[in-house]
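Following: one structure in structure tokens, then a few remarks.
What follows is calculated from the coordinates using simple rules that are stated; it is not laboratory data. Every value quoted in this text rests on a predicted model; they were computed, and no experiment measured them. Ideal geometry is used to build each Cβ from the backbone, glycine not excepted, and the neighbour counts take in all protein chains shown.
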Amino acid sequence: MEETGKAGKKSNIEINADKGAKQNSHPGREEWPHLIRIGVMVFVTFAVSILFFFALYRFEGFAGIWSKLLAAAMPIIMGLVLAYLMNPVMLWLERCFKKLLSKKMKSESKLRKVSRALAITGSVIILVAIISLLIAAIVPSVIASISGLMKTLPNDVAAFINMIKNGNFGDSKIAELASTGLQNATDYIENYATEKLIPEAQKYVAQITTGVISIVRGLFNFIIGIIVMVYVMSIQETLAGQSKKIIYAVCKPKTGNIIIETIRKTNEIFGGFISGKIIDSLIIGVIAYFGCLILRIPSSVLVAVIIGVTNVIPVFGPFIGAIPSLLIVVIQSPWHALYLLIFIVVLQQVDGNIIGPKILGSSTGLSTFWVMFAILIGGGMFGFLGMLLGVPTFAVIYYIVKRVVNYALRKKKLPEDTRDYTKTTGVDTKNNKLKYE
């Protein structure tokens with residue numbers, strides 16, 4: 001009986017050992033339910049997001065509510081955006097004021113409050129100064145360009161007509177076709193003015209009035225946005241603490257840590273990219289201005305501003321800015337337009353290979369292919385804003401996917417380096433090692 005009991009116990013141990021061996025022969029099998037849950041959660045999140053997007057933009061009821069909510073919240077949105085953009089400037093000014101006032105103020109709390117107040121005031125002054133300088137640079141240049149075009153265009157058209165009539169074309173068919181085309185164009189403009197433009201003048205006046213009202217509303221929202229920016233900057237630590245408090249109240253500590261770390265990385269990516277591109281675009285705008293002055297390009301200020309602003313868009317920005325710049329210059333001087341084209345190409349190469357990498361570095365962590373992918377998809381879906389924010393947004397998505405993939409590989413005890421997988425043919429299930437040819 002005792003031998004039988006011992007034999008029974010031995011057989012149970014052997015059975016358990018066999019089960020353990022089977023489990024060890026298939027590593028990671030017990031993790032599949034967890035990975036499946038993660039996959040289902042990701043799929044459901046994307047599906048709900050897509051349904052929510054179509055509900056907002058495709059159904060009139062939801063679209064109307066969303067438009068009203070967006071219009072009402074526009075001053076707050078503008079304030080949050082301005083606060084995010086000007087926060088690095090404010091923090092830098094705050095550090096400077098703390099150094100200057102630390103010897104005069106013994107109270108740490110008072111020093112912090114006074115430095116923060118002075119830094120916020122300085123940030124507002126810098127913001128208003130930048131906008132004023134841009135307006136002062138753009139508006140007179142635009143007015144001068146339009147007035148110059150209105151003065152020179154009739155003479156250019158008349159000279160073109162005289163060239164056709166009295167030039168080398170003679171009485172050829174080319175001259176006849178050109179004259180007929182000009183005559184048809186003139187007749188079309190006259191008919192359009194008498195039949196459509198004048199009868200619909202009231203409609204155009206209403207549109208102009210609506211545009212003026214929109215401009216006034218935009219100015220009002222901007223002023224309120226500056227006030228919101230001041231409040232957000234003054235209580236940003238409190239807002240950050242409240243956000244963390246809510247996250248840890250809703251989520252488990254481990255999940256909360258992951259969320260906060262992801263938010264911190266997102267802020268690092270967006271902040272580094274946006275501030276770097278603004279500095280880069282400012283440098284490019286200044287170089288473009290002095291380059292246009294040296295080459296005597298007409299409307300130098302306007303051209304430099306266009307090149308600098310569009311340079312915020314990675315890769316395609318210089319080419320997007322080149323189109324309106326060349327159109328402005330070619331009307332006034334075709335040769336100068338050719339000089340400008342060559343200058344823009346050279347400037348783009350200098351920015352892409354020297355200035356941009358020095359300032360931006362690897363703030364996004366994306367290769368050139370993924371940068372172009374993010375710009376094309378973002379621009380195709382959301383226009384200019386998508387082209388501007390597509391790269392940092394995709395960089396955040398790339399970072400999250402990379403973390404999830406590396407976590408899954410670590411759980412399976414597989415290498416995380418991509419180079420280890422470039423020539424692999426599979427995984428050896430016996431020793432859980434990568435196989436190569």
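Assorted remarks:
- Virtual spin-label span in nm between Val350 and Ile223, 7 Å along Cα→Cβ: 4.2
- Cross-link pairs beyond the 32 Å C-alpha cut-off, checked among Lys252/Lys411; Lys245/Lys411; Lys68/Lys252; Lys277/Lys435; Lys99/Lys277: Lys68/Lys252; Lys277/Lys435
- For the stretch 343-437, trypsin sites (Lys or Arg not before Pro) meeting the loop criterion (DSSP other than H, G, I, E, B) and having at most 15 other Cβ atoms within 10 Å: Lys412, Lys413, Lys423, Lys430.
- Exposure proxy ranking for Met381, Met78, Met105, based on other Cβ atoms within 10 angstrom of each Cβ and starting from the fewest, stands as Met381, Met105, Met78.
- With each label modelled as a point 7 angstrom along the Cα→C-beta vector, the Leu409-Ile323 pair spans 4.0 nm.
- Computed label-point distance, nm, for sites Thr418 and Thr45 using a 7 Å Cα→Cβ extension: 2.1
- Efficiency of FRET from Cβ geometry, Leu385 and Leu293, R₀ 22 Å, rounded to 0.05: 0.10
- Ranked for footprinting exposure by Cβ neighbours inside 10 Å, fewest first, Ile143, Ile284, Ile377 give Ile143, Ile377, Ile284.
- Intensity falloff of the stretch 250-414 expressed as log10 I(q)/I(0), Debye formula with alpha-carbon point scatterers, at q = 0.09, 0.13 Å⁻¹: -0.39, -0.69
- Only one residue of Val345, Tyr399, Ile306 has its Cα farthest out toward the positive end of the dipole of the stretch 250-414, where Lys and Arg carry +1 and Asp and Glu -1 on Cβ, and that residue is Tyr399.
- Relative to one another, the C-alpha centroids of the stretch 273-332 and the stretch 82-143 are positioned 27 Å apart.
- Contact order, relative form, for the stretch 250-414: 23 percent (alpha carbon pairs under 8 Å, 6 or more residues apart, mean separation divided by residue count).
- Exposure proxy order (Cβ contacts within 10 Å, fewest to most) of Leu85, Leu100: Leu100, Leu85
- In range of the label at Leu134: residues from the stretch 257-281 whose backbone nitrogen is under 16 Å from the point 7 Å along Cα→Cβ: 274-281
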